Amino acid sequence: MPRLVRAEGQYALDFALDAIDFIKVFIIWAVLVLFSIKILNYIKVNKLSKRNKTIIWLSTGLVALFIWSMIKHDSRPYEGPIDSIFNKMP
């Protein structure tokens with residue numbers, strides 16, 4: 001029965017699903033950073049340089065990768081300190 005529930009050899013599917021999850025996390029961060037860059041360019045007299053934009057986008061990718069890895073490899077996904085705050089709410 002366990003073999004019927006969990007298909008063997010689906011590593012490519014696991015990789016694709018992990019990639020989709022990372023893209024979801026990255027999109028959230030990318031939208032936030034895009035709005036932040038637009039606001040900074042609107043407020044500042046000098047526009048952000050290409051180098052600064054590249055650093056911001058690479059940092060965004062690293063933050064998204066870190067968050068995705070924390071989501072993916074959490075050994076207790078429903079017992080952490082943040083989850084305890086949400087479980088105490090009515």
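The values are calculated or read from the model by the stated rules, or taken from the named source; none is laboratory data. These numbers were taken from a predicted model, which means no experiment stands behind them. The area values use the complete protein model at the heavy-atom level, side chains included, leaving out ligands, DNA and RNA. Shrake-Rupley method; radii C 1.70, N 1.55, O 1.52, S 1.80 Å.
Bridging of LYS24 to lysines at a Cα separation below 18 Å is possible for LYS72, once same-chain residues fewer than 8 apart are set aside. Ligands, DNA and RNA excluded, the heavy atoms of TRP29 present near 80 Å² of accessible surface to a 1.4 Å solvent probe. Compared with the alpha-carbon gap, the fully stretched path from ASN41 to SER69 is longer by 6.9 nm at 0.36 nm per residue.
When nucleic acids and ligands are ignored and a 1.4 Å probe is applied, SER69 ends up with an accessible area of around 40 Å².
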